[in-house]
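Down below is the structure, laid out as structure tokens.
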Amino acid sequence: MSTFYLCHILIIAILDWYTIHMTIRDLYSKYQIMPQLVTHMLRVAGVAKIIAEHWKDGCDVKQITNLCLLHDMGNIVKFDLSEGVDRQKFGEIESLPHWRQIQKEYLNKYGKSAYDATTGILAEAKLEKYIPYISEEKKLYFTEARESELSHASIPSIILMYSDCRVKPSGVVSYRERIDDLKSRYGGVRTDTWNEWTYFFEIWMQSKVNIQLSEITEKSVEPLFDELLTYTI
């Protein structure tokens, strides 16, 4: 076997090892994730980690936390990055021309759908195993899943759905505050039954954990950020 061939095999093995052992921080850097998105996903993952650790029936905490650290990787495609961008919605954006260029590259590569961009990134990064959970979470939310559907749904998708509804751009908030925020941002309720469904889902989630969900706050989640960035995927 030639030296060139052995070197080629070694390089492939090293790249595969790096891909398997890449940290969340490395992944965010590789795909140039906006700081606002990084912070959002860290918050959602922090909420999810605490919930998963207190799930009454037990669950895979690492899997669920990783899922939440990946769930919005492509969301830059849907951001309004114009000069008049709402600072209250996104916070202060440094190097706005730079992020417009990154957004343009994303749009050219993945299209306008944040879902397609996120799943495209996960496929490229060999993280396809998380895509079904993201797809399922989207379906559960838009169909306003009730007891029968939730009882057959995956725990990662359910926890992602709840955790994502605990985070505003300003930080981790109560479930009701986030629901009110969604109403104001998107012009009312999605369907005639959506508001009532959100109350049902909050009560259902509380029944599944041995912690008071209201105890999960920005103060309890923010200290987890450094640890979460070191997670390997």
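The values are calculated or read from the model by the stated rules, or taken from the named source; none is laboratory data. Nothing here was measured: the structure is a model prediction, and the numbers come from that model. Ideal geometry is used to build each Cβ from the backbone, glycine not excepted, and the neighbour counts take in all protein chains shown. All accessible areas refer to the heavy atoms of the entire protein, side chains included, with ligands and DNA or RNA removed. Shrake-Rupley method; radii C 1.70, N 1.55, O 1.52, S 1.80 Å.
Observations on the structure shown:
- Ranking Val172, Ile121, Leu42 by how far each Cα lies toward the positive end of the dipole of the chain (charges on Cβ) leaves Ile121 at the top.
- Dipole magnitude of region 22-74, debye to nearest 20 (Cβ charges: Lys/Arg +1, Asp/Glu -1, about Cα centre): 120 debye
- Accessible surface of region 112-191 [probe 1.4 Å, protein heavy atoms]: carbon and sulfur percent: 55 percent
- Put the Cα centre of region 19-38 next to the Cα centre of region 148-212 and the gap is 26 Å.
- Using a probe of 1.4 Å on the protein chains alone, the accessible area found for Arg25 is around 110 Å².
- What region 35-179 shows is 45 Å² of accessible area per residue, with the surface traced by a 1.4 Å probe over protein heavy atoms.
- Charge dipole (Cα centre; +1 on Lys/Arg Cβ, -1 on Asp/Glu Cβ; no other charges) of region 109-182 amounts to roughly 200 debye.
- Cα centre as origin, Lys/Arg/Asp/Glu Cβ charges: the chain dipole, Debye: 300 debye
- Per-residue [θ]222 nm for the chain (sum of -39500 (n - 2.57) over DSSP H runs n ≥ 4, rounded to 500): -18500 deg cm²/dmol
- With contacts taken as Cα pairs under 8 Å and at least 6 residues apart, the chain reaches a relative contact order of 32 percent.
- Selected from Ile50, Ile203, Ile131 as most flexible by GNM, with the chain as the system and alpha-carbon contacts under 10 Å: Ile203
- GNM flexibility winner over the chain from Thr143, Thr65, Thr118 (Cα, springs under 10 Å): Thr143
- Calculated FRET efficiency, Ile93 to Thr230, Cβ-Cβ distance, R0 = 41 Å: about 0.95 to the nearest 0.05.
- The structure-derived value of Cα extents along the principal axes in Å appears in the list (1) 51, 39, 36; (2) 80, 43, 34; (3) 67, 47, 32 under the label (3).
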